1. Taking Gly86, is it under 30 Å from His107 (Cβ atoms) and either over 34 Å from the mean Cα position of the chain (by Cα) or open to solvent by 80 Å² or more (accessible area, probe 1.4 Å) (or both)?
2. Considering only segment 56-83, state which residues are open to solvent by less than 100 Å² (accessible area, probe 1.4 Å) and of a type outside the set (A, V, I, L, M).
3. Could we say that Val166 is at pLDDT below 95, more than 38 Å from the chain's Cα centre (by Cα) and not in a helix (DSSP H, G or I) here?
4. For a quick check of your reading of the model, give me the residue pairs whose first member lies in segment 94-113 and is on the phi > 0 side of the Ramachandran plot, whose second is at pLDDT below 95, with beta-carbon atoms closer than 6 Å and at least 6 apart or on different chains.
5. For the list (1) outside any helix (DSSP H, G or I); (2) modelled with pLDDT under 80, I need the number of the one condition that Ala51 fails.
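The values are calculated or read from the model by the stated rules, or taken from the named source; none is laboratory data. Predicted model, so just to flag it, every value in this text is computed and none were measured. Here Cβ is always computed from backbone atoms with ideal geometry, including for glycine, and neighbour counts include all displayed protein chains. All accessible areas refer to the heavy atoms of the entire protein, side chains included, with ligands and DNA or RNA removed. Shrake-Rupley method; radii C 1.70, N 1.55, O 1.52, S 1.80 Å.
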Amino acid sequence: MAVWSSLSRGFTQINPLVPFLAAQTSKRFTQNVLAKRAMSGGHDREFFITASRFQWHKFKDYLHFYTMLGLIPILGIIFYSNVFIGPATLAEIPEGYEPKYYEYSRHPITRFIARYIRSTPQQEYEKYCHHIYEENEKRQLRLLETRVKELMRDRNDYQAYYYRAVMAKYYRTARKASKDLEETYGQQ
């Protein structure tokens, strides 16, 4: 295209009619193109460049798919348990039978969750007792540490910066390593 425009510039210097012919040709060309465009659809010929919405549509598709993948079975289970199983009713306990902890729940889904998912009330109680035991041990260690610091301050046995809190695990490891070295090399 650039070659033809440079040639037409060169011809204008030689022949003064070339610009007039070129203008007529381009005028007829644009009229033909406009006429073809007007016949092809009859609406505006503007093309707006916008960002792609592919990811948004993909996200919506996945959201609907996975929502329905989880929602439909759950709604089916709820419908089945409410219509066909129904809530539990009170009845006399047979002689010698001790009900399980999950049998006290009224709804079948709650019974299922209590039986297979959650821990038993006895386990919850044991976990709570263990938590209380651990906190009591920490409290006793803190009391012992404050007592040691008070005695160090009262008796001037050690200055406070000589005291280093050590963990027994590391002390036992270091003592075992030194005993192994002593057995290997002998006492010196």
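1. Judged against the criteria, Gly86 is a match.
2. Within segment 56-83, His57, Lys58, Lys60, Asp61, Thr67, Gly70, Pro73, Gly76, Ser81, Asn82 meet the criteria.
3. Numbers: at pLDDT below 95: yes; more than 38 Å from the chain's Cα centre (by Cα): yes; not in a helix (DSSP H, G or I): yes.
Spelling it out, Val166 is indeed at pLDDT below 95, more than 38 Å from the chain's Cα centre (by Cα) and not in a helix (DSSP H, G or I).
4. none
5. Of (1) outside any helix (DSSP H, G or I); (2) modelled with pLDDT under 80, only one is false for Ala51: (2).
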